[in-house]
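The values are calculated or read from the model by the stated rules, or taken from the named source; none is laboratory data. These figures come from a predicted structure and were not determined experimentally. Here the Cβ positions follow ideal geometry from the backbone for every residue, glycine too, while neighbour counts run over all protein chains shown. The accessibility values were calculated without ligands, DNA or RNA, using every heavy atom of the protein model including side chains. Shrake-Rupley method; radii C 1.70, N 1.55, O 1.52, S 1.80 Å.
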Amino acid sequence: MYPPPPPAPHRDFISVTLSLGQSYDGSKSWRRRSCWRKWKQLSRLQRNVILFFLTFLVLCGLLSYISVADQWRAVDGRSAEERKARPADPPVLPAPQKADANPENSPGLLPQKPQRHFRRGPPNLQIRAPDKDSKDRRQDDTRRRDEVVGDARQEESTQRTVVSWRGAVIEPEQGTEPPSRKAEGPPTKPSSQAPGIQNQPASPNERQRAVIDAFRHAWTGYRKFAWGHDELKPVSRSFSEWFGLGLTLIDALDTMWILGLKKDVDVNLFESTIRILGGLLSAYHLSGDDLFLRKAEDFGNRLLPAFQTPSRIPYSDVNIGTGAAHPPRWTSDSTVAEVTSIQLEFRELSRLTGSKKFQEAAEEVTRRVHSLSGKKDGLVPMFINTHSGLFTHMGVFTLGARADSYYEYLLKQWIQGGKKETQLLEDYLEAVEGIKRHLLRRSEPRKLTFVGELAHGRFSAKMDHLVCFLPGTLALGAHHGLPADHMELARALMDTCYQMNRQMETGLSPEIVHFNLYPQSDRKDVQVKPADRHNLLRPETVESLFYLHRLTGERKYQDWGWEILQSFNKYTRVPSGGYSSISNVQDPLNPQPRDKMESFFLGETLKYLYLLFSDDPALLSLDAYVFNTEAHPLPIWAPPRVG
């Protein structure tokens, strides 16, 4: 029998089973404790690197989301615009209305509840490079379409394709009888065969490029800090409002066309004022786009309630939303300049639309002012009462503020209408003789010819910079056949206006000067009072330089304008964008920027400088166009076609 086997050795051990992610009770607490233990085992440097990397990933993800969202919103906005879908929020202003004999009854002038409306961001400006081949291709395409397509509407569309940002403008129509919309349909598109700006050189010359650079710089400031507002405050990088209608935006439209600058944006043209009506009409003539004409007609309808006064002399103010018109709060007077400087625009609006109410309202003012007593050899007082229709503040005569453009528009209406309205010409010629007789003097010691003021028989040697429009106006009249001594006076006054700039330490004219009349004095010809030392970037001097150079061909006028542009760049240009008015033209070390860029700097000053530096007389020919007081070119009405 076998003995029993020895007993197995006794082993003491513990069996441990690890579960991945779960404890025996089914929870995840074990995993969290394990990860936390591993995190604590890392060094501080390792933990910081991991935290930095995670933060970086979060920020990248957030920025990517914002960028994608913005792109989708932009694409959605553009596609909605391209589909011409109805905007979710309609504009504040009422819909355009047709002509109504009684504007106050027009439903388009009833007040509406303000609503939000879609606005796009500001555009950048681009110059379209001259491309002869592409231009030829466009012309070939146009000819082929004309051969294939006989429909009149498509012909008009074809004509529009010929008009480029640097291309042709409207030719004054041979028939000047105002068209009847009912009988003839919409006005004819501007023709591409006009002697306008199509003959502009392929590329601007050096001085013109300097103006383009100045415009770009000014536009950059406006686009960055004042988009959609009236005026830029370049120093504080903000804006100021006058009417809240985007003055700078619309006032600069046709300047951009003339300079060859492309503005790729839809503009809310309701944001404009009476001084912008000319800009809309000019933009229509330069572009051929019916949009500008439609908006001009709509805006003209909104302005008509201002003429509903007992005297038919318009109120100074009108609400373009409600149609409520009124004089200033402190008086029932309007200034003579403001009621007699609207005729060019209203007359042209009637010619284009076939609605005579605009022209009739404006010309009634001209007729009434013509028949008034209180003038002095063609010179008019500065104020007129809207209730009585009579001049007020009698005995004060100036060619400066509140009266200046009355004289300018007498001549320009006569030119605009084909030199047929003899009453306008007679009033203008009488006024020029009145200026010579009562307001003209010569300074000491340089014998500068200047235009002063007359107050109750007492002469004042005070001359506003605004009066520097006069040399250009006189030269324009002489060009159109008026007496030769008008050109002689224009030359003399042009020298004076240049000296008003030249004799200042900054090379920029003050707002007002006083001339020395005493030969025994050692004083300079041009004297400036402390309150008048500011410069507002005004255009009048360069405006007249443009006319004098265009009509005489003398290069010195271009050189004088170049000096003024250089002074603008040196003393008023703000590095961040824009140009600022200054308070002291006599202190080149501290000209004291005023932090305001007037809209007319873009609308007039730079436009006239650009035209001044052009050697092409066909660029907005003075035989084809007349410039309104805001430098917006309008066509001269051609004589009616014979036969």
D for segment 534-637, whole µm²/s, Stokes-Einstein with Kirkwood Rh over alpha-carbon pairs at 20 °C and 1.002 mPa s: what number?
147 µm²/s
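Classify segment 433-497: rounded, prolate or oblate, from the alpha-carbon gyration tensor (a ≥ b ≥ c, eigenvalue square roots; a/c under 1.5 rounded; otherwise prolate if a/b is larger than b/c)?
prolate
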Could you sort His534, His479 by their accessible area in this structure, using a 1.4 Å probe and putting the largest first?
His479, His534
Peptides 451-459, 503-511, 48-56 ordered by average Cβ neighbours within 10 Å, highest first
503-511, 451-459, 48-56
Please give me, ordered by residue number, the trypsin sites (Lys or Arg not before Pro) of segment 524-567 that lie in loop per DSSP and have at most 10 other Cβ atoms within 10 Å.
Arg555
Specify whether the C-alpha gyration tensor of segment 280-368 places it in the rounded, prolate or oblate class, a ≥ b ≥ c being the square roots of the eigenvalues: rounded for a/c under 1.5, otherwise prolate if a/b is larger than b/c and oblate if not.
prolate
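Checking the table Lys295/Lys356; Lys233/Lys462; Lys462/Lys524; Lys376/Lys447; Lys375/Lys436 against a 20 Å threshold on Cα-Cα, which pairs fail?
Lys233/Lys462; Lys376/Lys447
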Where in segment 273-370 are there trypsin sites (Lys or Arg not before Pro) that are in a DSSP coil and have at most 10 other Cβ atoms within 10 angstrom of their Cβ?
Arg329
Starting with the highest mean, order 243-253, 465-475 by the number of other Cβ atoms within 10 Å, averaged over the residues of each peptide.
465-475, 243-253
Of Arg502, Arg441, Arg223, which has the most accessible area and how do the rest follow, probe 1.4 Å?
Arg502, Arg441, Arg223
Segment 501-551: spread of alpha-carbon positions along the three principal axes, whole Å, largest first, is 39, 25, 15
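Which shape class applies to segment 452-606: rounded if a/c is under 1.5, otherwise prolate when a/b exceeds b/c and oblate if not, where a ≥ b ≥ c are the square roots of the Cα gyration tensor eigenvalues?
On the way: a/c = 1.86, a/b = 1.18, b/c = 1.57.
The shape class here is oblate.
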Just to confirm, what accessible area per residue do you get for segment 307-426 at 1.4 Å probe, in whole Å²?
36 Å²
